[in-house]
1. Being closer than 17 Å to THR235 by Cβ and touching a residue at least 24 places away in the same chain (Cβ under 8 Å) is the filter; apply it to the range 171-180 and report the residue that is surrounded by the most Cβ atoms within 10 Å (Cβ to Cβ).
2. For the range 171-208, give me each residue that is closer than 21 Å to ILE150 by Cα and of a type in the set (S, T, N, Q).
3. Within the set of pairs 6+ apart or on separate chains, which have a first residue in the range 331-343 that is under 11 Å from VAL294 (Cβ atoms), a second that is assigned to a strand (DSSP E or B) and of a type in the set (Gly, Ala, Ser), and C-beta atoms under 6 Å apart?
4. Quick one: is THR369 surrounded by fewer than 17 Cβ atoms within 10 Å (Cβ to Cβ), β-branched (Val, Ile, Thr) and modelled with pLDDT under 95?
5. Output the residues belonging to the range 451-487 that are surrounded by 24 or more Cβ atoms within 10 Å (Cβ to Cβ), touching a Gly at 6+ places or on another chain (Cβ under 9 Å) and under 29 Å from ASN15 (Cα atoms).
6. Being surrounded by 20 or more Cβ atoms within 10 Å (Cβ to Cβ), touching a Lys or Arg at 6+ places or on another chain (Cβ under 9 Å) and of a type outside the set (S, T, N, Q): is that true of LEU448 here?
7. SER332 fails exactly one of the following numbered conditions: (1) surrounded by 16 or more Cβ atoms within 10 Å (Cβ to Cβ); (2) farther than 17 Å from VAL302 by Cβ. What is the number of that condition?
8. What are the residues in the range 48-97 that are outside any loop (DSSP other than H, G, I, E, B), among the polar types (S, T, N, Q) and free of Cβ contacts under 8 Å to residues at least 24 places away in the same chain, if any?
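The values are calculated or read from the model by the stated rules, or taken from the named source; none is laboratory data. No experiment lies behind these values; they were computed from the predicted model shown. A quick note on method: Cβ atoms are made from the backbone with ideal geometry, for glycine too, and the neighbour counts reach across all protein chains shown.
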Amino acid sequence: MPITPQDVANADQINGLSLSSSGDRVVYSVGPAFHAKDAHKTQGLWIADIGVAESARKVTSGLFNDRNPKFHPTSGDVFFLSDRHKAGSEPQIYRLSSGAFGGDPEPLTETKNIRGVTAFEISPDGRWLAYISADEPAEKDEEDKENYVIVWRAPRKLGRLRILDLTGRIKDIHAVVSVDQHVETCTWSPDSTQILYRLTDLPDIESRSFPTSENLVSIEEDGGDLRFHFSQVATHTHELVGKSIWTDPAKFYFLHMQDYASALELWTCKAAPRMSPARVAFGDTEDAMDLIGVDTAVAVEVACGLETRIDIIGSDKATSFTAFETSEDAFSSWDIKQVNGNYIFVVARSSGVTGEAENIWCGSTAAGTKGVLSSKLSSHHEWMAAKEMPHCVPFYWSIEDGTALQGVAAYPRGQRLKNLPTVVAPHGGPYGRDTAYLRPTVNYRYLLASHGFLVLSPNYRGSSGRGTDFARAAKGGMGTLDYADVESMLEAAIKRGWVDREKVAIAGWSQGGFLSAWGCTRPNSIWKTAVIGAGPTDWGSMAICSDIPAAEESTYYISR
């Protein structure tokens with residue numbers, strides 16, 4: 001039975017994997033990827049025991065949007081964001097007792113607040129809860145006014161850094177940072193006495209185009225009160241991705257792009273006033289994608305072509321190694337902890353090659369050794385077992401100038417690869433990539449391949465996973481090298497006899513939508529039809545109207 005559009009619309013997504021400090025449990029969120037226009041998003045929390053097959057069980061109802069779960073480092077309680085006080089409202093922080101998983105969570109921030117919590121961090125010693133939220137409006141009905149006017153780039157809903165003493169020794173919630181800028185992220189020092197926080201001009205995506213500062217606040221207890229001491233650490237001139245990770249007492253790590261068309265690199269900076277950051281690794285031939293702190297080191301998700309690694313970056317080469325690497329499969333969420341000298345890791349893994357749906361897997365390894373996944377902890381997406389899941393294969397080809405390219409081909413399982421009707425589905429971005437995942441999303445790959453099509457997913461120049469030179473290749477020239485790569489994958493598949501050249505289409509979303517529109521309007525176009533989703537058709541207008549005008553103008557706009 002083929003996959004239907006309704007299957008895709010009803011499919012769940014797994015996200016937010018978080019290991020306990022002892023590495024014995026993992027908590028995560030599961031909920032529908034899509035919801036009806038007038039409905040609110042919902043997710044439930046699940047917990048699984050590490051090393052125990054099929055041990056995943058649901059611990060919240062799934063009627064609300066329970067997300068971003070984290071274990072308390074000593075009690076094992078789960079802290080998470082939720083709108084359970086009013087479905088569809090802004091989230092507040094809740095705590096679910098480890099002694100009553102499945103019981104009623106306790107709210108830790110005011111559920112009557114109109115402003116929600118955007119992020120939170122528990123201190124390593126478990127005493128403090130730091131979180132970011134905007135001040136409440138002067139009028140509680142402000143958000144409901146029919147004629148409420150939003151002034152462009154007005155200082156509105158600025159994030160404030162607040163802390164709460166979870167032991168109750170210091171009463172009330174303290175606003176630690178409340179300035180004329182937006183607190184975007186926060187990270188605790190390893191000894192729980194300082195917070196590193198990031199300031200941007202405003203809480204909008206455009207503010208990442210302007211200088212961003214990293215700052216320190218020291219927390220000093222004075223009887224029943226608190227004193228705070230502030231200093232500025234560094235100023236970044238370009239975009240940072242994700243939050244900084246502070247594991248080594250002397251320094252912190254972060255991901256940085258040299259410009260909008262660059263690969264993500266790993267950088268570090270001393271945790272002291274007026275420091276200059278330094279590049280550590282990645283960005284040459286592979287890209288750093290995400291960071292997680294592990295003891296005094298940092299774990300980095302690394303995109304390397306079609307595969308993905310988890311690298312442990314220590315203080316030197318001798319303490320750095322690959323803890324895990326995919327092999328014709330993929331993962332969408334992960335976490336890792338060091339426990340008694342070993343590294344325990346969890347991933348939300350899937351494989352289009354073997355037809356395995358996304359589920360939670362765990363593994364472990366010793367320092368210096370690459371680990372493997374050993375236990376499947378969950379059984380989500382059971383509906384896929386009754387479906388004709390397509391088969392994926394890595395696809396490699398080269399163009400005339402010798403540039404080696406990569407992509408993924410999907411087709412009906414058991415189908416002979418010969419003269420198939422074909423759809424080329426370029427990904428969005430352009431800084432993105434396709435891998436051998438099997439995760440039902442809005443992507444056309446599995447839906448169309450389930451219905452008899454060969455679907456080609458090219459990682460064209462401009463994609464991630466191949467370093468900065470590859471990511472910058474199409475800068476300022478959308479529809480040139482990137483589109484040539486899209487066409488070249490189709491031509492390579494035609495030469496292999498896989499494609500019925502009289503039945504070829506192109507379909508994509510965002511940048512993929514642009515490439516689809518561009519392709520079907522070229523002179524002597526090979527495409528018989530195109531599906532265009534959210535594809536820009538006027539880069540000049542988009543640079544003027546976009547929420548990231550600097551990125552559109554400097555990176556994507558074709559200069560004349």
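1. We begin by selecting, within the range 171-180, every residue closer than 17 Å to THR235 by Cβ; these are 177, 179-180.
Imposing the further condition that a residue be touching a residue at least 24 places away in the same chain (Cβ under 8 Å) reduces the set to 177, 180.
Details: VAL177: 21, ASP180: 8.
Filtering the range 171-180 for residues that are closer than 17 Å to THR235 by Cβ and touching a residue at least 24 places away in the same chain (Cβ under 8 Å), the one surrounded by the most Cβ atoms within 10 Å (Cβ to Cβ) comes out as VAL177.
2. If we filter the range 171-208 for residues that are closer than 21 Å to ILE150 by Cα, which is where we start, we get 179-184, 200-208.
Passing the criteria: GLN181, THR200, SER207.
3. Short answer, once both residue conditions are applied: ASP335/SER18; ILE336/ALA299; TYR343/ALA323.
4. Details: surrounded by fewer than 17 Cβ atoms within 10 Å (Cβ to Cβ): yes; β-branched (Val, Ile, Thr): yes; modelled with pLDDT under 95: no.
For THR369, the condition - surrounded by fewer than 17 Cβ atoms within 10 Å (Cβ to Cβ), β-branched (Val, Ile, Thr) and modelled with pLDDT under 95 - is not met.
5. LEU456, SER457, PRO458, ASN459, TYR460, GLY462, SER463, GLY465, ARG466, ALA471
6. Judged against the criteria, LEU448 is not a match.
7. With respect to (1) surrounded by 16 or more Cβ atoms within 10 Å (Cβ to Cβ); (2) farther than 17 Å from VAL302 by Cβ, SER332 is out only on (2).
8. Hit for the range 48-97 is SER82, nothing else.
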